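Engineer: Let me begin by handing over the structure; questions about it come next.
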Amino acid sequence: SAMRLYVPRPVNVMLGSSWSYNFAGLYQVMPESPWGFNIGGSLEGREGYATAVYDRVGGPLGNRQVQLTGIEAFRQDDLRVVNFHLDKEFKIGESSLVLALDGFNMTNEDIVLQTERRLDFGRANQTEELLSPRVFRLGATFRFR
């Protein structure tokens, strides 16, 4: 029996944005107090990635890909993401327990990150990748000496 090797379809990702930003901050609320905690967040964004479409053309030397538009002809929507962080440290002798809550994509943006660029393909211009929806993460860190 012959062994079959699975080869995934190559990902056709265009990267590159001419601007991006990231603002992040953390504020300690009453750090000396037993009930003190930390609150933070970030705002990040970038220009949407270019989406140059192409077609597959057959010729005497075989198939080749022909780009039909300039690189900058189409871009995905710009990306803006708001993230959130909250944590509280509990002292236990010389050890401590930190409980944290993180929230990602707090505005629940539904941004298309990549689309199918090949026009002669059945999935032409369909969504390939979306920004993850709002997600929360609960974490615990135990520190000891």
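The values are calculated or read from the model by the stated rules, or taken from the named source; none is laboratory data. Model, not experiment: these values are computed from the prediction. Glycine also receives a Cβ, built like all others from the backbone with ideal geometry; neighbour counts cover every protein chain displayed. Side chains included, ligands, DNA and RNA excluded: accessible areas come from the protein's heavy atoms. Shrake-Rupley method; radii C 1.70, N 1.55, O 1.52, S 1.80 Å.
Engineer: Rounded, prolate or oblate: which fits segment 67-145, taking a ≥ b ≥ c as square roots of the Cα gyration tensor eigenvalues, rounded meaning a/c under 1.5, else prolate when a/b beats b/c?
Structural biologist: Prolate, because a/c is 1.5 or more and a/b exceeds b/c.
Engineer: Taking the simple approach of a point 7 Å from Cα along Cα-to-Cβ for both E116 and A24, what is their distance in nm?
Structural biologist: 3.7 nm
Engineer: Between N83 and A124, what is the label-point separation in nm under the 7 Å Cα-to-beta-carbon projection?
Structural biologist: 3.8 nm
Engineer: Given the peptides 95-101, 135-141, arrange them by the average over their residues of other C-beta atoms within 10 Å, most packed first.
Structural biologist: 95-101, 135-141
Engineer: Same structure, new question: Using the basic label-point model (7 angstrom from Cα toward the beta carbon), what is the F37 to F90 distance in nanometres?
Structural biologist: 1.3 nm
Engineer: Give me the accessible area of E72, 1.4 Å probe, in Å² rounded to the nearest 10.
Structural biologist: 120 Å²
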